[in-house]
Amino acid sequence: MAEMVKLFVNGQEVAVEQGKNLIDALKVVGIEIPHFCYHPALGADGNCRMCLVGIEDGRPPLVPACKTPAMEGMKVLLDAEHIKKIQHDVLELELINHPIDCPVCDQAGECTLQDYYMTYSLDDSRRGVEPVKKGKRMDLGCGVVHDQERCVLCARCVRFTRQITRTGELGIVNRSDEARVAIFPGKPLDNRYALNIVDICPVGAMTSSDFRFRQRVWFLKKDEGICHGCSKGCNIYIDHHREKYKDDMIYRFRARTNLQVNGYFICDEGRLSYHRENENRQSQTRVDGGVVGFEEGIKAFRSRLDTARKPLMLLSADCTLEQMWAVKRIANLYGAGLSGYSDASVLPGDGDDYLIQDDKAANRKGLELLGIDSSKESFMAALQDADLLVNFNNDLFFSNINDELRPLLDSKECIAVCSHARKLFEKAAIIIPTASYSEYGGTIVNGDGVLQLFRKAVTKNDDPHDILEITRLLGGAIVDAARAWPGIRQSVAVLSAVQPEQIPAEGLKLQSSEEPHVGS
Amino acid sequence: MEVKLLSARFDIKDAHLLEVAKAHGAYETLDKLFTMTPVQVMEEVKNSGLRGRGGAGFPTGVKWSFLPKNLDKPVYLAVNSDESEPATFKDRYILVKDPHMMIEGIIICCYAIGCHDAYIYIRGEYTSQVKILQKAVDEAYAAGYLGAAVGGKDFRLDVTVHRGAGAYICGEETALLESIEGKKGQPRSKPPFPAVVGLYDCPTIINNVQSIASLPFILANGADAYRVYGTEKSPGTHLFGISGHVEKPGMYELPLGQPLLEVIDKVAGGVWKGRKLKGIIPGGSSTPVLTPEEAKTVTLDYESMAAHKTMFGSGGIVVLDETVDIVKLVENLISFYHHESCGQCTPCREGLGWMLKIVKKLLAGDGGREDIDLLVELCDNIEMKTVCVLSAACTMPVRSYLNKFRHEFEAYAAEKASAKPDLREE
């Protein structure tokens, strides 16, 4: 715990962390200092001058808060007239060459410039001269579209490519009010994190070609979620909206700060993986090729399971701990084999030393913790013997390593519980549609052993059933996620004290020294 | 009135060549230098009262003493030869006429501060000057005044001539350091100050060419000999570049403390063509203008200038005669600083362009009195709200013209502009 110091803001005493810059230190106690260029991930630059605060008896008396460490006894002036005037003046200057095209700007509604204008200014414009003309709709690459006129030159994007991705595609060219963010000629953005630039841009200068003009942000419901694109478990916002007469759709994912997991950013693939939640979804229940009602499908599912001599259940490494536990229980109930074989979702060499992992499954650690066998050998052996494969959303053909398994898989009767229409499931005798991760909640353990809780974000008009619910309909005892936990706690030593509702926001780092102990 | 301390060899033919300079006393202080301790040298410079000749006038010896003691990092010296302030043309004389005086000064400074790697940062536009300077450095190396053993003593000193790419802002200490490091020349936030965290994050002293070139005289003759010239608080001599509407524009070395009008009359031949004086820019374009009335009581030293609410600056004196259109002068002035604003800080980046457009609007007859008030307000809104003082270098003189010559701006403010209806009210 860092040392706390007492200082005064507008004469009022507050206790804050020593040495932290004033923006961050005072934020903790609920005091906002307006700023454009400072970003906790990128550090202080001091160019926007919006965070200038007064230091009573200080030398110098006027300092940028982002570059000023909190010190004992400091007397910070925020509401003094001369500080308020600076905020007015800086906003007026930021706006003097700004197009003020909020009605057609994607950022409107979540724009720092707009918000600050409403909070700190509301002045009438005194612009009696022509603004500077700069580039519009510039394709910077990686789906980043730049509007130079809206830019406040805070250089967050430039610093992102220098400090975070270390690719340095962006720079500020020219001087004075002709200064602008640009790429080198013919050298567009080329990194797998570029769309974070859109998130960190405080104004509408950086927009995403994927999101542009698709939705006004104030319509979006912003729920917290966890990306299931790989085993990192990056924290995200799931921004979704049900347009009138339409279904609840996701419009974008955005990075959500979690310093223990992903820091401030997410990768572009993860960010754009929301498309998969919207598209190519399995919505129909099918039995032997014919479309049937869901209940009828479940009925057929139960009777096939009952008559199967040797059923084998296959779990996806994307499932939550609760789903895995429920399936494990149902496998016991029906005397079925259970496998978590999912090597296809590992893409060796695809990961990097930052956020992207080789393993594209969100909860492989969960399979390990619950002691579910995931080896290819045992899956192959069990599959040879089995007369029925019940596949819980495991895409064996995510990559091509299982192509040689196709004839064997085709020769077995298959029941597919799946969220998406995939080639693997086409030939299944019974297809039961199920929810995808934005439509259910639960806990997952990322590749680093951090246990995280996420909640249901999206409710479809025809809301698909969670795997948990499907196991209940098959006669299982786990009626909801909470009901899974007494069993999980009892079986897995490292999880024995976990109360899912009490998992902290940044996740719970599991002590890897303790071997998982799995009961029957 | 004129004296020849710094300019002693300026009139000697080919004094930029080592052979000639040496025949006239160059590098003679080195023997004395190495008998002294660095602390003694620093004390001598402190006692001389030499003040930074780049414009700010900060005491040179005191600046040196800000270097942290007992550091395991190297200390650097950067000699600021980015002379870019309009109306300033003193350093180029040293670079061209007597570069060895500066190199000798560099050796003295480096010995005092414990520096073994010095940079001479010369502005990009000094194309012919850099050739002479580089040749002088090369000659000094060949003669053993620079290199592994300076003057045969156990003291290494390497000097690198670094050319800028032509940016006024690179004369600002920290922008200069950024530029040497190969980055875009944009000032750094202070603190930390360069004496603690400077070039390549190491302690660094940045001194102006003329400050450095003043050192050989001080070392050879002692602090008291230097103090014979100038005033108590502004000792020594200064190279003054007098330009504008005078009969004899040029570079003159004068002791500090001389009456301004006397200098203009006696040294520069007075206002040309028998015209009347309208104003005097005392020390480069960024210093507030003096009216003829104010000029009567000003002397050429830091204290007198400050008492008259202007600055001594760089010694670049510009005389304005009665024909000067102040509004056009201000347009010229703002367009320079607007062009040279590095674009880092919001107030300077956006504000100077706005001010320029307002002045252009006035000149076009489209502006009103409210535009003059807006200009005054913008000066206040921009000044000192930025990382460096470039914005103030523009707003301080502009404010002085607006205050002292407001009637000229008002003459441009068209009546029709004031009479325009305010559409917002309807």
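The values are calculated or read from the model by the stated rules, or taken from the named source; none is laboratory data. Please read all numbers here as calculations on a predicted model, not as lab measurements. Don't worry about glycine lacking a Cβ; one is built from the backbone with ideal geometry, like all the others, and counts go over all protein chains shown.
Some notes on this structure:
- Residue in the range B:192-199 that is in contact with a Gly (Cβ under 8 Å, 6 or more places away or on another chain), in the same structural domain as B:K32 (by TED's automatic domain parsing) and surrounded by fewer than 24 Cβ atoms within 10 Å (Cβ to Cβ) present: no
- Looking at B:H16, B:H24, just one residue is in contact with a His (Cβ under 9 Å, 6 or more places away or on another chain) and touching a residue at least 12 places away in the same chain (Cβ under 8 Å), and that residue is B:H16.
- Enumeration of residues in the range B:149-186 that are more than 24 Å from B:C110 (Cα to Cα) and buried (at least 16 other Cβ atoms within 10 Å of the Cβ): B:A167, B:Y168, B:I169, B:K184, B:G185, B:Q186
- Test set (1) crowded, with 22+ Cβ neighbours inside 10 Å; (2) under 22 Å from the mean Cα position of the chain (by Cα) - B:N332 fails condition number: (1)
- Flag for B:P347 being crowded, with 18+ Cβ neighbours inside 10 Å and not in a loop (DSSP other than H, G, I, E, B): yes
- Residues that are within 23 Å of B:L375 (Cα to Cα) and among the charged types (D, E, K, R), drawn from the range A:47-90: A:R49, A:E81, A:K84, A:K85, A:D89
- Failed item, numbered, when A:Y354 is tested on (1) modelled with pLDDT of 95 or more; (2) in a helix (DSSP H, G or I): (2)
- Filter pass, B:V79 being β-branched (V, I, T) and under 17 Å from B:I212 (Cβ atoms): yes
- Exclusive hit being over 21 Å from A:I197 (Cα atoms) and outside the structural domain of A:V145 (by TED's automatic domain parsing), set A:G46, A:G30: A:G30
- Scanning the range B:324-375 for residues that are within 11 Å of chain A (Cβ to nearest Cβ) and among the charged types (D, E, K, R) turns up B:E340, B:R349, B:E350, B:K357, B:K360, B:K361, B:D366, B:E370, B:D371, B:D373.
- If the condition is being without any contact (Cβ under 8 Å) to a residue 24 or more places away in the chain and either part of a strand (DSSP E or B) or hydrophobic (A, V, I, L, M, F, W, C) (or both), then the range B:303-334 contributes B:M305, B:A306, B:A307.
- Scanning the range B:182-235 for residues being within 22 Å of the chain's Cα centre (by Cα) and of a type in the set (D, E) gives a total of 1.
- Of all residues in the range A:110-150 being farther than 13 Å from A:L95 by Cβ and in contact with a Leu (Cβ under 7 Å, 6 or more places away or on another chain), the one that is farthest from the other protein chains (Cβ to nearest Cβ): A:G143
- Residue check, B:G250 crowded, with 21+ Cβ neighbours inside 10 Å, at pLDDT 95 or above and not polar (S, T, N, Q): no
- Scanning the range A:183-220 for residues that are surrounded by fewer than 19 Cβ atoms within 10 Å (Cβ to Cβ) and either aromatic (F, W, Y) or touching a Gly at 6+ places or on another chain (Cβ under 7 Å) (or both) yields A:F184, A:P188, A:D190, A:S209, A:D210, A:F213, A:R216, A:V217, A:W218, A:F219.
- Elements of type helices (runs of 4 or more DSSP H) in the range B:90-196, at least 1 residues being under 27 Å from A:V158 (Cβ atoms) and among the acidic types (D, E): B:173-180
- Here is the figure for the range A:66-92: residues that are of a type outside the set (D, E, K, R) and within 12 Å of chain B (Cβ to nearest Cβ) total 10.
- Enumeration of residues in the range A:221-259 that are of a type in the set (S, T, Y) and surrounded by 21 or more Cβ atoms within 10 Å (Cβ to Cβ): A:S231
- Within the range A:258-300, restricting attention to residues that are assigned to a loop (DSSP other than H, G, I, E, B) and free of Cβ contacts under 8 Å to residues at least 40 places away in the same chain, the residue that is farthest from A:C142 (Cα to Cα) is A:G293.
- Residue in the range A:151-158 that is buried (at least 21 other Cβ atoms within 10 Å of the Cβ), within 12 Å of chain B (Cβ to nearest Cβ), in contact (Cβ under 8 Å) with a residue 24 or more places away in the chain and of a type in the set (V, I, T) present: yes
- Only one of the listed residues (A:K232, A:K222) is of a type in the set (K, R) and part of a loop (DSSP other than H, G, I, E, B). That residue is A:K232.
- Scanning the range B:350-380 for residues that are in a helix (DSSP H, G or I) and either small (G, A, S) or within 24 Å of B:C170 (Cα to Cα) (or both) yields B:E350, B:G351, B:L352, B:G353, B:W354, B:M355, B:L356, B:C379.
- Any pair with Cβ under 9 angstrom, 6 or more apart, that starts in the range B:145-156 at a residue that is in contact (Cβ under 8 Å) with a residue 60 or more places away in the chain and ends at one that is of a type in the set (D, E): B:Y145/B:E104; B:Y145/B:E139; B:G151/B:D31
- Looking only at residues in the range A:1-45 that are over 21 Å from A:A80 (Cα atoms) and within 14 Å of chain B (Cβ to nearest Cβ), the one that is surrounded by the fewest Cβ atoms within 10 Å (Cβ to Cβ) is A:G43.
- Among the residues listed as B:K46, B:K32, the single one being surrounded by fewer than 16 Cβ atoms within 10 Å (Cβ to Cβ) and modelled with pLDDT of 95 or more: B:K32
- Residues located in the range A:492-506, provided they are out of contact with any Lys or Arg (no Cβ under 9 Å at 6 or more places or on another chain) and in contact (Cβ under 8 Å) with a residue 24 or more places away in the chain: A:V492, A:A493, A:V494, A:P500, A:E501, A:I503, A:A505, A:E506
- Among the conditions (1) touching a residue at least 24 places away in the same chain (Cβ under 8 Å); (2) farther than 22 Å from B:Q210 by Cβ, B:L254 misses just one, which is (2).
- The residue that is nearest to B:R188 (Cα to Cα), among those in the range B:300-319 that are of a type in the set (A, V, I, L, M) and either within 11 Å of chain A (Cβ to nearest Cβ) or surrounded by fewer than 20 Cβ atoms within 10 Å (Cβ to Cβ) (or both), is B:A306.
- Under the condition of being aliphatic (A, V, I, L, M) and surrounded by fewer than 16 Cβ atoms within 10 Å (Cβ to Cβ), the residues counted in the range A:463-492 number 3.
- Which listed residue, of A:T161, A:T167, is in a loop (DSSP other than H, G, I, E, B), more than 30 Å from B:L356 (Cα to Cα) and in the same structural domain as A:E110 (by TED's automatic domain parsing): A:T167
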